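J.: Right, I'll just put the structure down here and ask away after.
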Amino acid sequence: MRISARADYAVRAALRLAASQDEGPLKAEAIAESQGIPHKFLEGILNDMRRGGLVLSQRGGNGGYWLARPADAISVADVIRVVDGPLVSVRGVRPPALSYTGPARSLLPLWIAVRANVRQILEGVTLAEVASAELPPQVSALAENPEAWTNP
């Protein structure tokens, strides 16, 4: 699985909004500057997030963006799906739509298992947990394994 720049920026912007939920709307410029995200790129991402129901916006001097739901009700998977589509695809196709023959037949259950694990992690972590640095124990345990940090 590859996390696109678009997905990374979207999650970072959502986390910035989660961290400031009680402060009122945030301007796109402030989010972009605080997270090192190109402003024009972020505008498109925020529009996708607005159309996807994750953020609300208001124009004007007191305007900006804020989360449409509490941060503990939005998963990291929700954000990624809104800006990038399915979490796992093979050649742009969702795994259940694939079919293989011969010795490659068992690839389909492998891709399904990969998708299930990615979903389990990304759907099981909310913006509130990441913003407060309180990841679920199973995620922390995976990240604490030294082998997780190496590239084979």
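J.: From 72, 78, which residue is acidic (Asp, Glu) and open to solvent by less than 70 Å² (accessible area, probe 1.4 Å)? If you could, list the steps in order and put the result at the bottom.
T.: On the way: 72 fails: open to solvent by less than 70 Å² (accessible area, probe 1.4 Å).
Just one listed residue meets the conditions, 78.
J.: List the pairs whose first member sits in region 86-97 and is closer than 12 Å to residue 113 by Cα, whose second member is open to solvent by 70 Å² or more (accessible area, probe 1.4 Å) and among the aromatic types (Phe, Trp, Tyr), and whose Cβ atoms are under 8 Å apart, counting only residues at least 6 apart or on separate chains?
T.: Between residues of region 86-97 that are closer than 12 Å to residue 113 by Cα and residues that are open to solvent by 70 Å² or more (accessible area, probe 1.4 Å) and among the aromatic types (Phe, Trp, Tyr), the close pairs are 88/111; 95/111.
J.: Something else: Right, residue 148: over 23 Å from residue 48 (Cβ atoms), part of a helix (DSSP H, G or I) and in contact with a Leu (Cβ under 7 Å, 6 or more places away or on another chain) or not?
T.: Details: over 23 Å from residue 48 (Cβ atoms): yes; part of a helix (DSSP H, G or I): yes; in contact with a Leu (Cβ under 7 Å, 6 or more places away or on another chain): yes.
Yes; evaluated as a whole, the condition is true for this residue.
J.: Let me ask another. Does residue 106 meet the test of being at pLDDT below 95, under 17 Å from residue 1 (Cα atoms) and hydroxyl-bearing (Ser, Thr, Tyr)?
T.: no
J.: If I ask for residues that are more than 17 Å from the chain's Cα centre (by Cα), in a helix (DSSP H, G or I), small (Gly, Ala, Ser) and surrounded by fewer than 19 Cβ atoms within 10 Å (Cβ to Cβ), which ones from region 12-61 would you list?
T.: Within region 12-61, 30, 34 qualify.
The values are calculated or read from the model by the stated rules, or taken from the named source; none is laboratory data. Just so we're clear, the structure is a prediction, and the values are computed from it rather than from any experiment. Cβ atoms come from the backbone with ideal geometry, glycine included; neighbour counts cover every protein chain shown. These accessible areas exclude ligands, DNA and RNA; they are computed on the full protein's heavy atoms, side chains included. Shrake-Rupley method; radii C 1.70, N 1.55, O 1.52, S 1.80 Å.
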